[in-house]
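Worksheet for the structure shown next.
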Amino acid sequence: MDQVGRLSRSAQDAFDRASDYCKDKPATAAAIAVAALSVSCAAWTLIPSSNKKQYRRKPGTFELSGGNISSKEIKTEFEGYSKSYGTEAGAGITDRSNTSELVDKFYSLVTDIYEWGWGQSFHFSPLLPGKSVRESEAAHEARLAAILGLRPGKNVLDVGCGVGGPMRTIASTSGGIVTGITINDYQVSRAEMHNANLGLQDLCRPTQGDFLHMPFQDCSFDGAYAIEATCHAAKLSEVYAEIYRVLKPGAIFASYEWVSTAKYNASNKDHVRIIDEINFGNGLPEMRTYKQAEEAGCIAGFEMLESIDLATASPVAGPWYGRLQRSRMQHHINQAIVSTTSFLHLCPAGVKEVHHMLVNVAKSLVDGGEHGVFSPMHLLVFKKPTENGQKAGEKASEGAQKAASSN
């Protein structure tokens, strides 16, 4: 059975290599991918179930699931997720009071597919000259450690940590402790597995919780960052106010925010369509402008130190959506693989529909980048003021009250 297991893993590896290879030789890659799937299917049926749960850096093709959602409920839950978005242009999530629960559901549905098809860091990065995608990704993450001044003995908060890809980079490069929070406990379990596998469990500490009501004391952290995460909040100013509360006076909060840019025109139907599709395919209640994001930080009580769109800041970096452009054939191959496994009942019903949503939104993200109306990396750097006779908790309370009354 060990030989059969190695055969299946070799076939899976062949598929992964074919996917990477596809941009240059799509016909060859497609043939290799189909062959890999055929061999994997045959081998998988021969492997005892006790050997199918071995830890891997990403889920296998036949391990795609709905996270904490029962395999029998994935299709129904995805249908419910789809119905939660309005049909009118610019509607977004119709019941904003249900946003947190909906985001939790979204990440249960997509986390395995994200890891399988993208990696452990659920974000975009500008492609640096002479650097690989992974190297550019790590540089994008490590930038935040430098902004926060993270070093050994310091503890910072990762707001919306996912499965912990950025957390591990930031902790490894700085030697500091990173406490993460995600609303989805399936992501916590994945992060803990990755952390333990890489020997980072002492520096990386994922926690399940709602970032609008975090289980941390006032003035707990030496800094905080968010990577394409706070965009999921129903009200941006509310999550910023909660981050303000848990930061020590004088601490820095840096965020890569999803925003519509100055080029976005609400009267342009194509612009509105692109943003609506991005919202639906990524679990966002709505899209804020970069100005609204700046204002949300100030409402929470922060001093704004910097606001810059990293999507266009560098004259030499490649576009953040370049990876999506180069991976179009891979997306089609992946879709064929998922459709085939679904047809053969090798993955739960509904996984195919979730994957199809992600393939479609990849096109919308590229459209948003090419039109210049959307950025997933508008860098905002805020500072919590030092205390001047007023307790930080009182300031945080004031910020929360302002946030609740805004928007």
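Values computed for the structure shown
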{"quantity": "Matching entry among LEU148, LEU247, LEU203 (being more than 20 Å from the chain's Cα centre (by Cα), modelled with pLDDT of 95 or more and under 22 Å from GLU295 (Cβ atoms))", "calculated": "LEU247"}
{"quantity": "Pair list, Cβ under 6 Å, 6 or more apart: segment 138-156 residue crowded, with 17+ Cβ neighbours inside 10 Å, other residue charged (D, E, K, R)", "calculated": "LYS154/ASP222; VAL156/ASP222"}
{"quantity": "Residues within segment 273-286 that are over 16 Å from ASN360 (Cα atoms) and open to solvent by less than 30 Å² (accessible area, probe 1.4 Å), tallied", "calculated": "1"}
{"quantity": "Number of positions in segment 368-378 that are out of contact with any Gly (no Cβ under 9 Å at 6 or more places or on another chain) and either surrounded by 20 or more Cβ atoms within 10 Å (Cβ to Cβ) or without any contact (Cβ under 8 Å) to a residue 12 or more places away in the chain (or both)", "calculated": "4"}
{"quantity": "Options GLY322, GLY369, GLY350; residue that is of a type in the set (Gly, Ala, Ser) and farther than 25 Å from GLU135 by Cα", "calculated": "GLY350"}
{"quantity": "Matching residues in segment 222-236 - criterion: being farther than 13 Å from VAL103 by Cβ and crowded, with 24+ Cβ neighbours inside 10 Å", "calculated": "GLY223, ALA224, TYR225, ALA226, ILE227, LEU236"}
{"quantity": "Subset of segment 57-113 [touching a strand residue (DSSP E or B) at 6+ places or on another chain (Cβ under 8 Å), among the aliphatic types (A, V, I, L, M) and buried (at least 18 other Cβ atoms within 10 Å of the Cβ)]", "calculated": "ILE74, ILE93, LEU102, LEU109"}
{"quantity": "Matching residues, segment 296-312, being open to solvent by 40 Å² or more (accessible area, probe 1.4 Å) and in contact (Cβ under 8 Å) with a residue 60 or more places away in the chain", "calculated": "ILE299, GLU303, MET304, LEU305, GLU306, SER307, ILE308, THR312"}
{"quantity": "Condition check for THR173: assigned to a helix (DSSP H, G or I), open to solvent by 40 Å² or more (accessible area, probe 1.4 Å) and under 24 Å from LEU310 (Cα atoms)", "calculated": "yes"}
{"quantity": "Failed condition for GLY164, given (1) open to solvent by 10 Å² or more (accessible area, probe 1.4 Å); (2) under 13 Å from the mean Cα position of the chain (by Cα)", "calculated": "(1)"}
{"quantity": "Residue within segment 334-351 that is within 30 Å of GLY250 (Cβ to Cβ), at pLDDT 95 or above and surrounded by fewer than 18 Cβ atoms within 10 Å (Cβ to Cβ) present", "calculated": "no"}
{"quantity": "Pairs where the first residue, in segment 224-240, is of a type in the set (Val, Ile, Thr) and the second is assigned to a loop (DSSP other than H, G, I, E, B) and open to solvent by 10 Å² or more (accessible area, probe 1.4 Å), C-beta under 7 Å, 6+ apart", "calculated": "THR230/GLY160; VAL239/PHE211; VAL239/LEU212"}
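For (1) under 18 Å from ASP185 (Cα atoms); (2) outside any helix (DSSP H, G or I); (3) open to solvent by 50 Å² or more (accessible area, probe 1.4 Å); (4) at pLDDT 90 or above, each residue gets a yes or a no:
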{"residue": "ARG17", "(1), (2), (3), (4)": "no, no, yes, no"}
{"residue": "ALA30", "(1), (2), (3), (4)": "no, no, no, no"}
{"residue": "GLN54", "(1), (2), (3), (4)": "no, yes, yes, no"}
{"residue": "TRP116", "(1), (2), (3), (4)": "no, no, no, yes"}
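The values are calculated or read from the model by the stated rules, or taken from the named source; none is laboratory data. Since we're looking at a predicted model, the values are computed, not measured. Every residue, glycine as well, gets a Cβ built from its backbone with ideal geometry; the counts of neighbours run over all protein chains shown. These accessible areas exclude ligands, DNA and RNA; they are computed on the full protein's heavy atoms, side chains included. Shrake-Rupley method; radii C 1.70, N 1.55, O 1.52, S 1.80 Å.
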